[in-house]
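One structure is given here, and the rest of the page talks about it.
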Amino acid sequence: KLVTGVQTCALPISFGQIAGFPKLHVLDSTDPAQVLSLERRVNLKKTLFIVASKSGSTLEPNIFMQYFYERSGRDGSRFIAITDPGSKMEQIAHAEQFAHIFYGVPSIGGRYSALSDFGMIPAAVMGVDVKRLLETSQEMVEACRLADAANNPGVSLGVFMGTLAAAGRNKLTIVCSPAIHDLGAWMEQLIAESTGKDGKGIIPVDREPLGAPSQYGADRAFVYLRVPSARDPEQEAAISAFEQAGFPVASIDVADAYQLGAEFFRWEIATAVAGAILQINPFDQPDVEFSKVETRKLTTAFEEIGRAHV
């Protein structure tokens, strides 16, 4: 079994446990109840831990690493790190003699790193055919090179999102077929963190129980990612009702779980394009960095004087 602190882009749910490979558990919440629940579901003596942090200084993965390092008997040989070169996490991994360190590419932002080592190493460990997954990604890369925006899948989606948001439809409801249900959680972070700044942004809404069109206002748009071979009748009926009521709906067919590689790239391009339309930088994260700085101040004060000044 394997536990990781990285968001692995819906792969564990979409692929399930692959015969002959470890089961992948993703811990992405510091809620004590959730941490304890996951700990109870695994055998700590037979678990490989992957700790992922680009900067190596982000509080949450460091807490996860420290907690499970202690709980597993301080055995660094059962830990793997994914981090950028020269990071604090790299130093810790060397000091604690981790089994291996995989390096990220510093120029790739964290939320755009699904197709880098941060997403692909956990995918490989759980038995995903990474070559096949990346081949679908490459097909999307080539499609997104097209100068004709109407036939460019990433640009056209970004124009849909950005133009509607600029016109006031800045609430984007994400509807995913049950087979790729967790893809929405990855999309939610990508869109929200990339576009929410300077008083502008797109608010993604994932896993919302779909109501009647009359329950939604003029600030809403929809995107429907469906698996054609496993359509959900209730989702189909709801999307049809939204279309008939005049709501903007972008429908995308995802043939199977391996097409997620293509979707990762499509949505990264689309988010960047939407940010450009909104005249914001989709690659920076001023509020995130500000919160990290303030959190470090609080934790440092607590370590020095035993209490935090708020």
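Could you give the Stokes-Einstein D for segment 208-250 in µm² per second, using the C-alpha Kirkwood radius, 20 °C, 1.002 mPa s?
Roughly 196 µm²/s, to the nearest whole number.
Select from Gln279, Ile239, Ser229 the residue farthest towards the positive end of the dipole of the chain; place +1 on Cβ of Lys and Arg, -1 on Cβ of Asp and Glu, and compute about the Cα centre.
Projecting each Cα onto the dipole axis, the largest value belongs to Ser229.
Name the residue farthest towards the positive end of the dipole of the chain from the options Ser214, Ala114, Ile92, assuming +1 on Cβ of Lys and Arg, -1 on Cβ of Asp and Glu, about the Cα centre.
About the Cα centre, the residue reaching furthest to the positive side is Ile92.
Along segment 40-56, what does the Karplus equation 6.51 cos²θ - 1.76 cosθ + 1.60 (θ = phi - 60°) give for ³J(HN,Hα), rounded to whole Hz, x for Gly and Pro?
Using θ = phi - 60°, the values come out as 6, 8, 10, 8, 4, 7, 10, 10, 9, 9, 10, 10, 10, 7, 4, 7, x Hz.
With a cut-off of at most 12 other beta carbons within 10 Å, and DSSP calling the residue loop, which trypsin sites (Lys or Arg not before Pro) in segment 55-129 qualify? Please list them.
Taking segment 55-129 and a limit of 12 other Cβ atoms within 10 Å, the loop trypsin sites (Lys or Arg not before Pro) found are Arg74.
³J(HN,Hα) across segment 130-145 via Karplus (A = 6.51, B = -1.76, C = 1.60, θ = phi - 60°), whole Hz, x for Gly/Pro?
5, 4, 5, 5, 6, 5, 5, 5, 5, 4, 5, 4, 5, 5, 7, 8
Report, in deg cm²/dmol and to the nearest 500, the calculated mean residue ellipticity at 222 nm for the chain, where each DSSP H run with n ≥ 4 adds -39500 (n - 2.57) and the sum is divided by the residue count.
-13500 deg cm²/dmol
Work out from phi, with θ = phi - 60° and the Karplus expression 6.51 cos²θ - 1.76 cosθ + 1.60, the ³J(HN,Hα) of each residue of segment 213-227, listed in order in whole Hz, and give x for Gly and Pro.
Result, ordered by residue: x, 5, 7, 10, x, 7, 9, 10, 9, 10, 10, 10, 9, 10, 9 Hz.
Mind checking the dipole of segment 23-115: about its Cα centre, +1 per Lys or Arg Cβ, -1 per Asp or Glu Cβ, Debye to the nearest 20?
In total the dipole reaches around 340 debye.
Pick out, from Phe21, Ile82, Phe49, the residue whose Cα sits farthest towards the positive end of the charge dipole of segment 3-86, with +1 on the Cβ of Lys and Arg and -1 on the Cβ of Asp and Glu.
Result: Phe21.
So what is the accessible area of segment 1-122 per residue, in Å², with the probe set to 1.4 Å?
Value returned for segment 1-122: 47 Å² of accessible area per residue.
Using 5 Å bins from zero, what percent of all Cα-Cα pairs in segment 99-173 falls into each bin?
Using 5 Å bins, I get a P(r) of 3, 13, 15, 16, 19, 15, 10, 6, 2, 1, 0 for segment 99-173.
Return the long-range amide H neighbours of Gly16 (sequence gap of 5 or more, or a different chain), with a cut-off of under 5 Å between placed amide H atoms.
So Gly16 has HN proximity to no qualifying residue.
Please report, as a whole percent, how much of the solvent-accessible surface of the chain comes from carbon and sulfur atoms (probe radius 1.4 Å).
Roughly 54 percent, rounded to a whole number.
What does the charge dipole of the chain about its Cα centre add up to, to the nearest 20 debye, if the Cβ of each Lys and Arg holds +1 and the Cβ of each Asp and Glu holds -1?
660
List every residue whose amide H lies under 5 Å from the amide H of Ala250, counting only residues 5 or more places away in sequence or on a different chain, with H placed 1.01 Å from N in the peptide plane.
Phe222, Val223, Tyr224
Determine the percent antiparallel among the DSSP beta bridges restricted to the chain, to the nearest 5.
Numbers: 1 of 30 bridges.
So the antiparallel bridges amount to about 5 percent of the total.
The values are calculated or read from the model by the stated rules, or taken from the named source; none is laboratory data. The shown structure was predicted, so the numbers you read here are calculated from the model rather than taken from an experiment. Because the Cβ atoms are built from the backbone with ideal geometry, glycine has one as well, and the counts that use them run over all protein chains shown. The protein model used for the area step is the full one, side chains on, heavy atoms only, and it has no ligands, DNA or RNA in it. Shrake-Rupley method; radii C 1.70, N 1.55, O 1.52, S 1.80 Å.
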